[in-house]
Structures are given as structure tokens and as C-alpha cells.
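Chemist: This structure is in C-alpha cells; I'll ask about it shortly.
The values are calculated or read from the model by the stated rules, or taken from the named source; none is laboratory data. For clarity, every value in this text was computed on a predicted model and none was experimentally measured. A quick note on method: Cβ atoms are made from the backbone with ideal geometry, for glycine too, and the neighbour counts reach across all protein chains shown.
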Amino acid sequence: MNQEFSTYQIRVIGLVQGVGFRPFIVRLATQFQCLGTVDNRNDGVIIQLNTTENGIYQFISAIQTKAPTASSIEKIEFKKISPLIFQDFTIVKSYNNPITDEITEISPDIAVCDDCLEDIKSQSNRLNYPLTNCTHCGPRFSIIKALPYDRTNTTMSVFPMCVECKREYEDIKDRRFHAQPIACSHCGPVYLIESESIISREITQILQKAAAWLEEGETIAIKGMGGYHLICDANSEGAVANLRSIKHRDGKPMAVMFRNLETISQYATLSNNEILALRSWRKSIILLNMYKDLPFSINRGLHRLGAILPYMPFHYLLFENCKLDSLVFTSANLAGEPTIIDETSILTAFQSKIKAIVSYNRSIYNRVDDSVGVMINDKFSLIRRSRGFVPSPIRLPISVDGFLALGAELVNTFCLGRTHQAILSQHIGDLKNAETFEFFEQSIENFKRLYKFIPQYLVSDLHPDYLSSQYAASSHLPIIKVQHHHAHMAACMMENGLNESVMAVIMDGTGLGTDGTIWGGEFLFGDLVDFKRFTHFRNIALPGGDQVAYQPWRTAVSYLYDTFGRDFLHLKIPFNKKIESVKAIFLMDMIDKEINSPLSSSAGRLFDAVSAILNLCHQAQFHAEAPMRLEDAILGFKTEKYYPYNIDAQGVDFRLCLRALVEDIIHKQPITSIAAKFHNTVIEAATEVCHAMFLQTKIRKVVLSGGSFQNVYLSEGLIKRLESLGFEVFVHQKVPANDGGIALGQLGIAASRMYLKKI
Ligand code: ZN
Ligand code: ZN
Ligand code: FE
């Protein structure tokens, strides 16, 4: 090999900004005794160095194997360039490459690292300093306004560094070398507690007061990485019930922050992968099956609990000062509205209702909620993709450049396409809420500016009433409309790198079908361009239209009427005692006269109906409560049994299932067994349809998508059955199976159609 020194230029593309990448390169160059430069450009990290041919290969291999934890390298390119002379190895000033508008990635926010936790115990200028961070940890996406990722482009720009911080920032050997949000107690942002009795910026006092009030059962608000949280003692029913009433929380389960893994394991048995997910630098809320109950008001009788570990220095300091091992940890918002991120709003919304508000004066620029995940077959699967994940791109099998997909309506996210990457927004929420819609519009503007993104095409759902569709309609750009369940199917294909013909089982709440009816229990086949509806759950009337989503008892009446006729009211089942027969008769009349009773094949509504028939949930207090309670009712019960069903030209017909299920209720069979047998029936029916679809299409790849697949029992059961028949099954992990993943599918379909000019 050539041992002569030449000048090489290396370009590293991927998540390499804001994760300590340049300092890492400097340390590596020092180790390799290479002279040169490294800089951040909007088209990647560029390294120029003098080395031998052998040296360049070793250097690149070291980049790949030793890169910082939170980085992720997509591609490394290198070339020999005209010889340059260097005196040392330095980081040169970031500049925007005017030739290309390709951008590098922006890091998600990173939980505080162990070294920084150590520093707040030992470094004199960081003792108990709760905004300590380094190149391996701290805020990123939440504080960034523009690229490149430099302090001046973040909300830290208003805090000049002190001499000590500047020294660390400029010292290659220091862990804070070029840590953009670097701060210490001398120069950085500070915490502030505000209550009726005290206003203080003294951290010891803030911690002592907050801890004492929490121990007394009070609620306080604390500013987190991407928004405020409300917290209280998770072991006090009184405290939790009080917090719930303050928040007007609609019965939705609340997450709990535990002191450490040991304290979580007092409530749940953790698998290795659950431990890894809990401890990961992303620090998401992980849904766990609890064997020991926390107070009823936390999750109102459900056995699954969202658990999270501390991820900011303040969280650790608070537990150190507090006797409590677990705190309710829920985002501070009024029901339906986005999480509060600024001090004025938190004071207006909560000051009069809670004991104290703990803030700090570094602004949150991008609101970002806690992410939520659950294990399916012991693999981490996202339910809400936000902090720790956003805005990392998802690499795709096709180019999606210039498309902006606007998502659906509930649990909205949007998605922009840059070359072969999808950049999915953080969880936005339900667009029907005016403040949330404003957050949607603002975030689109933020992403456009951040990524210098100019959309060429907009992609929206077929449903004209969705506010995301209306947003598209109000623009002057060409719009591509995508059917909701095709988008679900494509979302699962995109994240699994599939660009071919597949079969899809979509079990979902509702979405507008191509025939004008409401779909939701769909068996499709096709590709990213087009699809065919093989069959679906047999249509059922939804008396009351949209109202049924929160009133499962209505769908239950419709299913029972459909199965037994008006005589169902004489069945000796507890459901009939709980409903008013006058109202049921009224609903049946509505169905007969086709008044506000749209037909739907929704899977979610079938789960709703069965949950209500079992008296588990008549009125849902939050989205998808009834199916959650139905799954929860299984309680680990094991059975292979299932009820009969029928498949004919009208679709998958569950009337036989309901007859047998009602028999079981009459014969006082345990609810655990009925719930399990019902789930097994859906699994069995779906498997039979897949087999029939295979005979027609000869396709062996099946994607599972739609909100119902957040149901772990349903997902695991169907995967197992389909795999036992030799199908290759693909599920969601990187994006949610619910409508939070829709935008990714919309993007893929629109780009594929454009590519093939089938629009
Ligand atoms: Zn750190
Ligand atoms: Zn400082
Ligand atoms: Fe959906």
C-alpha cells in the first residue's frame, strides 16, 4: 500500500450534528496523529486530513465503530483532494454550503448522561446545577431554531458562556468540547420556583420545597425538556385524584416516573428488552404489565402502566431530596390542548390550582412530548413517537423528495420528504382542538424553516372534513389524496423497507373508504401505488355517527340488534340491565330508518361493542378506552379456544361469535376467558382471510397496521398464527400503528404515484 501522505476529504452523513461528533473526530485524529480540520455543513460533517492510504481506511473504520451513542451514520464518502498543509487538527467554523441544500440530521433530545450526573456532585460550578449537559447529553431538537446546530441557532444564544465554560467548550480533551447548550451555575439558565408563599431561584430551596410539598400530597408543575409536567405522589390516591381533577383529565391513564429500575420492579416483572428500553438515552414511557396496583386514579383499574425513568438532572435531584419513589408524571395541558411550554401559559392555566410551579429560563422552541412504547413479542414498538426520536429521519426504499404529508385528524403527525428520508413530526394531537391545530400549523412552519424545505406537493387523507385535509385544500399546491387504510398499509411497508406487492390486515378505528362508507376492518392487497379491498369486517350501522366513538354501548346495541333482532332486550345479560331499553329501542328505530346511522366495517367499533356487552366500558372517557379494557380483561388467561364466525360475500361476519359469546355470559363464564376467546376469534378469522387472499394473490408478505394493533394480545396472536402458516409478517416498530404513522404512508404512496405518473 501507498505509504505516502495525501490529503483526504471525508463526508459523514447521518445523525452527526449535536451528538458530540466533531469533538469525537478531533479526539480520533489526535489518537491517529493526523493533522486537518472538521466542520459541520448542511450537507454533512466534512473532515479534511493528511494521512496514508492505509491510514484513511483505519480512520474511517474507527469512525464507524467508535461513533458517539446518540449518533447514527447513514453514509461515509471520501476522496483524495489537492494537498493542503495543516498545523494541527481543528474544528473550523460551521458554514452553509451554498452549492447543495442537502441537510444533515438534527439530534433528538438526549437524557442526561452518567458523567454529567457525576459532575453535579463534584464540579464546583455545577454542584446541583440542574441544566448540566455535555456533548453526549442534553437538549437538542427542543431548543434548535435553525441549522447548522450551533449555539447561536438555539435558545441558548442569550446566555454568554463564563470563562470556565468557554475553556471547556474550547478544550478538545474536554467532554464539553463544542457542547452547544453548555452551561453552569455561573452563566447558564436557572430554575425558579413560584408559589403563594415563596419565589426563589435558589436550587437547594427549590428542591426542598418541591420535595416537601410532594410528600404532603400536593401537585406541582415542573418544566421538562419539551414541555411542562404535572407531578404528585403516585402512591397517594388523594394526591392522584386531586391532580386528575385539576387537569380535567378524562380518565386517561397517567404515566409514573420511578426513582430507578429497582422501584419499578416492585410493580412489574421486567424483561431484558424492557430494561433496555427504559434505560435507553431516549427515555420513553414504556407500557408495562403491573402485578401490583398503584392507586386507582392513576390508570383506573387497567393493569398496564406507563413507566418512565428520570431523564433530566432536576428529576434525579428531586428524587434525592424526596422520600417518594414514584411520581405521577403527566404532561401539563388542559384536556385536548397541547402541552404547555411557556411560563405565562403555565401560570395562567394552573397557578391558582396547584401548589407551585418550577420553571427555568431557557425557552423550549419545539414542543416535544414524552414518547410512548410497548413491547410486542418483546420488541420495542412505538405508540407515540416524540421526544428522543423526533426529528430523526426514517430511511425509505424510495425517494419522497418535496412531498409534505399532512396525516389524519386524531393523534396527528405530519411528515416531510427529503430524498430517501421521511422526517416525521413530533406527536401533534387531535387537530379538532383549536390550540392543537395552531401547534400543527406552527410546527409545519418550523420544520420548513429548519430543513429549508419547500413543499412541491401536499398529501392528505380522502376525508374532506379532516382539518389536515382542509389545510391542504387551502394551499395553492397540488394535492394528492390517499385512502386512510392504504396509508396505514404503506406506513408499515415504508418503515420495513418494502416496495412490492403485499397483503395487509388493517384493524383500525375509522377512516373514509373509496366507496364513501366508513372502513376500519380491512383486508387489502396491493403496493405503494394502488390497492384492492379483498374483503372487510361485515358492515354494521353506527347509530349516532361520530358519537359512537365515545359511546360504545350504542355500537353494542347495533351489534346485538343485528345478531338477535329486537329480542336481544330479553336476553338475560347484565348489559341489558345497564342500558335503558327506551334508548335502545330508539337506536334500533334510527338504524331501521337509516337516520344518522352510517355503515362501517371498523374493527375498533367491534372491539368497542364487545367491551360494552361485557359491561367493561359503556361510555369511553378517552379514545380507545373500550378496546383497552377488553384486552386488559384477559389478565394473562391462556386458551386456544375461539368462537365460531362466518365469512361470505358480505365480509367477515361476527354474528355467530356474538351468539356464542352471549351464551358464555348467560352461563356465567369468567370474563377473562370470554375476552381471550373473542380476541382469538378475530385472530382466527383474520388468518383464514389471509389464507384465502394468498390463494388468489400468491403473496406471502403481510403487513399489520391500524390502531387496533396497539393491542399486544391481538398483535402477538395474529403474528404467531400467520407465521405458523408460513407468512412473512411485518409490523410497526419505528412509527405507531395508529394514525400517528399515517403521514409516513401517505408520503410513500404519493411519491410512488408521482414516480410512476399515476396521479
Ligand atoms: Zn452529559
Ligand atoms: Zn459557565
Ligand atoms: Fe386509522
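Chemist: Name the one entry in 515, 430 that is farther than 28 Å from residue 397 by Cβ and over 21 Å from the mean Cα position of the chain (by Cα). Steps first, please.
Modeler: On the way: 430 fails: over 21 Å from the mean Cα position of the chain (by Cα).
Just a single option satisfies the conditions, and that option is 515.
Chemist: Which pairs have Cβ atoms under 6 Å, sit 6 or more apart or on different chains, and link a residue in segment 251-276 that is touching a residue at least 12 places away in the same chain (Cβ under 8 Å) and basic (Lys, Arg) to one that is surrounded by 14 or more Cβ atoms within 10 Å (Cβ to Cβ) and assigned to a loop (DSSP other than H, G, I, E, B)?
Modeler: 252/622; 259/325
Chemist: Answer yes or no: is there a residue in segment 467-477 that is outside any helix (DSSP H, G or I), more than 30 Å from residue 226 (Cβ to Cβ) and not assigned by TED's automatic domain parsing to the domain that holds residue 715.
Modeler: The answer is yes; a qualifying residue exists.
Chemist: A further question follows. If we keep just the residues of segment 514-556 that are without any contact (Cβ under 8 Å) to a residue 40 or more places away in the chain and in contact with a Lys or Arg (Cβ under 8 Å, 6 or more places away or on another chain), which is nearest to ligand 3 (Cβ to nearest atom)?
Modeler: Ranking the qualifying residues of segment 514-556, first place goes to 524.
Conditions tested, residue by residue: (1) more than 16 Å from ligand 1 (Cβ to nearest atom); (2) touching a residue at least 24 places away in the same chain (Cβ under 8 Å); (3) closer than 21 Å to residue 502 by Cβ.
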| residue | (1), (2), (3) |
| --- | --- |
| 634 | yes, yes, no |
| 648 | yes, no, no |
| 652 | yes, yes, yes |
| 668 | yes, no, no |
| 673 | yes, yes, no |
| 718 | yes, yes, yes |
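Chemist: Please specify each residue of segment 485-503 satisfying the condition of being surrounded by 24 or more Cβ atoms within 10 Å (Cβ to Cβ) and within 22 Å of the chain's Cα centre (by Cα).
Modeler: Within segment 485-503, 485, 486, 487, 488, 489, 490, 491, 492, 493, 494, 495 qualify.
Chemist: Please determine whether any residue of segment 697-713 is crowded, with 23+ Cβ neighbours inside 10 Å, touching a residue at least 60 places away in the same chain (Cβ under 8 Å), assigned to a loop (DSSP other than H, G, I, E, B) and of a type outside the set (Asp, Glu).
Modeler: So far as segment 697-713 goes, yes, one or more of its residues are crowded, with 23+ Cβ neighbours inside 10 Å, touching a residue at least 60 places away in the same chain (Cβ under 8 Å), assigned to a loop (DSSP other than H, G, I, E, B) and of a type outside the set (Asp, Glu).
Chemist: So residue 577 fits all but one of (1) free of Cβ contacts under 8 Å to residues at least 24 places away in the same chain; (2) more than 15 Å from residue 662 (Cβ to Cβ); (3) among the basic types (Lys, Arg); what number is the exception?
Modeler: Residue 577 satisfies every listed condition except (2).
Chemist: Answer yes or no as to whether residue 614 is under 22 Å from residue 410 (Cβ atoms), at pLDDT 95 or above, of a type in the set (A, V, I, L, M) and in contact with a Phe, Trp or Tyr (Cβ under 9 Å, 6 or more places away or on another chain).
Modeler: no
Chemist: Name the residues in segment 174-204 that are in contact (Cβ under 8 Å) with a residue 40 or more places away in the chain and not in a loop (DSSP other than H, G, I, E, B), would you?
Modeler: Of everything in segment 174-204, those that are in contact (Cβ under 8 Å) with a residue 40 or more places away in the chain and not in a loop (DSSP other than H, G, I, E, B) turn out to be 191, 192, 193, 194, 195, 203, 204.
Chemist: For segment 135-153, give me each residue that is assigned to a loop (DSSP other than H, G, I, E, B) and either more than 15 Å from ligand 1 (Cβ to nearest atom) or of a type in the set (Asp, Glu) (or both).
Modeler: The answer is 145, 146, 147, 148, 149, 150.
Okay, residues lined up against (1) touching a Cys at 6+ places or on another chain (Cβ under 9 Å); (2) among the basic types (Lys, Arg); (3) more than 20 Å from residue 175 (Cβ to Cβ):
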{"position": "9", "(1), (2), (3)": "no, no, yes"}
{"position": "19", "(1), (2), (3)": "no, no, no"}
{"position": "22", "(1), (2), (3)": "no, yes, no"}
{"position": "25", "(1), (2), (3)": "no, no, no"}
{"position": "38", "(1), (2), (3)": "no, no, no"}
{"position": "50", "(1), (2), (3)": "yes, no, yes"}
{"position": "63", "(1), (2), (3)": "no, no, no"}
{"position": "73", "(1), (2), (3)": "no, no, yes"}
{"position": "77", "(1), (2), (3)": "no, no, yes"}
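Chemist: Give me the pairs: first residue in segment 107-133 and more than 28 Å from residue 148 (Cβ to Cβ) and in a helix (DSSP H, G or I), second residue at pLDDT 95 or above and of a type in the set (Val, Ile, Thr), beta-carbon distance under 8 Å, and six or more apart or on different chains, which are they?
Modeler: 120/132
Chemist: Quick check on segment 154-172: of everything there that is among the acidic types (Asp, Glu) and within 16 Å of ligand 1 (Cβ to nearest atom), which residue is nearest to residue 108 (Cα to Cα)?
Modeler: 168
Chemist: Let me ask you something else. Consider segment 718-757. How many of its residues are more than 20 Å from residue 420 (Cβ to Cβ) and assigned to a loop (DSSP other than H, G, I, E, B)?
Modeler: Of the residues in segment 718-757, 7 are more than 20 Å from residue 420 (Cβ to Cβ) and assigned to a loop (DSSP other than H, G, I, E, B).
Chemist: Looking only at segment 296-304, decide whether some residue is assigned by TED's automatic domain parsing to the domain that holds residue 262, part of a loop (DSSP other than H, G, I, E, B) and out of contact with any Asp or Glu (no Cβ under 6 Å at 6 or more places or on another chain).
Modeler: Of all residues in segment 296-304, those assigned by TED's automatic domain parsing to the domain that holds residue 262 come to 296-304.
After this cut, where a residue has to be part of a loop (DSSP other than H, G, I, E, B) as well, the list is 300-303.
Still in the list and also out of contact with any Asp or Glu (no Cβ under 6 Å at 6 or more places or on another chain): 300-301.
So far as segment 296-304 goes, yes, one or more of its residues are assigned by TED's automatic domain parsing to the domain that holds residue 262, part of a loop (DSSP other than H, G, I, E, B) and out of contact with any Asp or Glu (no Cβ under 6 Å at 6 or more places or on another chain).
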